[in-house]
């Protein structure tokens, strides 16, 4: 049975077949109205078809909790390249010229990185807590597929910038090794946020599953704890390291 073999007959393959079948049927029936509707739908929803046949099918059918299904499909597609790259960075598989920090430039570099880290964390928090909820639709209002696409792209872009933040650290070469301790504390701070971001997939998959199993009677409340913030001990540890550095250098 095709439906029982998810490896040989993936959802993506089945929906690609469905799309081909729709085109074939429209041509065979020679019904201009149906053919035009199909052509318009394919043109309008092309950004979703470019992601996957499954994403295209979801926005066309809009069955059940389609907002969650679409978000999950888009995030699964968008996240993987960034997560793959982060695994390489964590394994020290990083390519590029070293970023040489000459003596006296370390403080400016660290201040910039800390500002970028906080900005990325705050952005991810706003996107997930506010933008995604609004894109899904509130108070029984249907979601907006274009806002879902925009929001998931923003989540992905934020994730990519987090990985780039870590890659820059991996390429740093310190002329003054006395700065090694504060640098070691800051390095990896953002990668923990990437790991937290990846949990969004689990949250949305759980939402889709629970909504599908819901009988429809009463309100269904979905709770999930995602924490987008730098570690509590991070600032204290960094300040202690900087105090030791100042003492050592007589600053």
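Some values worked out for this structure:
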quantity: Among (1) modelled with pLDDT of 95 or more; (2) over 16 Å from the mean Cα position of the chain (by Cα) - the single one residue 142 does not satisfy; calculated: (1)
quantity: Helices (runs of 4 or more DSSP H) within segment 142-251 that include 2 or more residues without any contact (Cβ under 8 Å) to a residue 40 or more places away in the chain and touching a helix residue (DSSP H, G or I) at 6+ places or on another chain (Cβ under 8 Å); calculated: 145-170
quantity: Test for residue 86: is it in contact with a helix residue (DSSP H, G or I) (Cβ under 6 Å, 6 or more places away or on another chain), touching a residue at least 40 places away in the same chain (Cβ under 8 Å) and not in a loop (DSSP other than H, G, I, E, B); calculated: yes
quantity: Whichever residue in segment 88-105 is more than 17 Å from residue 182 (Cβ to Cβ) and in contact with a strand residue (DSSP E or B) (Cβ under 8 Å, 6 or more places away or on another chain) and, among such residues, is surrounded by the most Cβ atoms within 10 Å (Cβ to Cβ); calculated: 100
quantity: Only listed residue being over 17 Å from residue 172 (Cβ atoms) and crowded, with 16+ Cβ neighbours inside 10 Å, chosen from 85, 116, 129; calculated: 85
quantity: Test set (1) closer than 30 Å to residue 239 by Cα; (2) surrounded by 16 or more Cβ atoms within 10 Å (Cβ to Cβ) - residue 176 fails condition number; calculated: (2)
quantity: Test result for residue 108, surrounded by fewer than 14 Cβ atoms within 10 Å (Cβ to Cβ), touching a strand residue (DSSP E or B) at 6+ places or on another chain (Cβ under 6 Å) and either modelled with pLDDT of 90 or more or in a strand (DSSP E or B) (or both); calculated: no
quantity: Qualifying position, being modelled with pLDDT under 90 and farther than 23 Å from residue 74 by Cα, among 176, 229; calculated: 229
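The values are calculated or read from the model by the stated rules, or taken from the named source; none is laboratory data. On a predicted model such as this, the values are computed, not experimentally measured, just so you know. In this analysis, Cβ positions are derived from the backbone assuming ideal geometry, glycine residues included, and neighbour counts consider all displayed protein chains.
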